[in-house]
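Step one of this worksheet: look at the structure below.
The values are calculated or read from the model by the stated rules, or taken from the named source; none is laboratory data. None of the values given here were measured: they were computed from a predicted structure. Neighbour counts are summed over all protein chains in view; Cβ atoms, including those assigned to glycine, are modelled from backbone coordinates with ideal geometry. Heavy atoms of the whole protein, side chains included, go into the accessibility calculation; ligands, DNA and RNA do not. Shrake-Rupley method; radii C 1.70, N 1.55, O 1.52, S 1.80 Å.
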Amino acid sequence: MLQTVPTVEQHTLSVLVDNEPGVLARVIGLFSGRGYNIDSLTVSETEHEKHLSRITIVTTGTPMVIEQIRHQLERLVPVHRVVDLTAGGPPIERELALVKVAGKGDLRVEALRLADAYRAQVIDATTDHFVFEITGRISKIQQFISIMQPLGLVEVARTGVAAIQRGPEAM
């Protein structure tokens, strides 16, 4: 009898929590304690008057593991709501990256040309380096970083994914 192996999927979860000390540690502890990986993590206060923060987590697992993560997050006391943004159709996801590239001559010209093609902005420059700011889908960021590698990529700082569900409804 042939047994099917569950497919591993990447999901984006949005978690609405109280904005108080220790909440992020509790949420992250749930992942590390069970051996789940976090591919991206973004946290920010989103409703100042209500003291609520939104944690956006990109994680990978089988559908059963993703469901398990969602249910375990819902049981944490400071958590108000957990939404699997991926389950409702592909969410709108964006990331920001700062990319430092060092080079002179033709490499410098090529880095500038490609940055323009990717709509990356030069936010710092000297005669021997650039720092580019690029926003967009994760795949766009990855591609940009890859093409800058042979042109003198020095370092990258990324914000993590910010995501929101499509449609007129709130989380």
Give all pairs with beta carbons closer than 6 Å in which a residue from the stretch 1-24 that is part of a strand (DSSP E or B) meets a residue that is open to solvent by 80 Å² or more (accessible area, probe 1.4 Å) and not aromatic (Phe, Trp, Tyr); count only pairs at least 6 apart in sequence or on separate chains. Leu16/His80; Leu16/Arg81
Take Ala111 and decide whether it is in contact (Cβ under 8 Å) with a residue 40 or more places away in the chain, part of a strand (DSSP E or B) and open to solvent by less than 70 Å² (accessible area, probe 1.4 Å). no
Of all residues in the stretch 43-86 being surrounded by fewer than 16 Cβ atoms within 10 Å (Cβ to Cβ) and within 20 Å of Pro6 (Cβ to Cβ), which is nearest to the chain's Cα centre (by Cα)? Thr60
Qualifying positions in the stretch 139-171 - outside any loop (DSSP other than H, G, I, E, B), open to solvent by 50 Å² or more (accessible area, probe 1.4 Å) and closer than 24 Å to Ile38 by Cβ: Ser139, Lys140, Gln142, Gln143, Ser146, Glu155, Val156, Ala157, Arg158, Ala162, Ile164
For the stretch 50-97, which positions are assigned to a helix (DSSP H, G or I), touching a residue at least 12 places away in the same chain (Cβ under 8 Å) and within 24 Å of Glu20 (Cβ to Cβ)? Ile69, Arg70, Gln72, Leu73
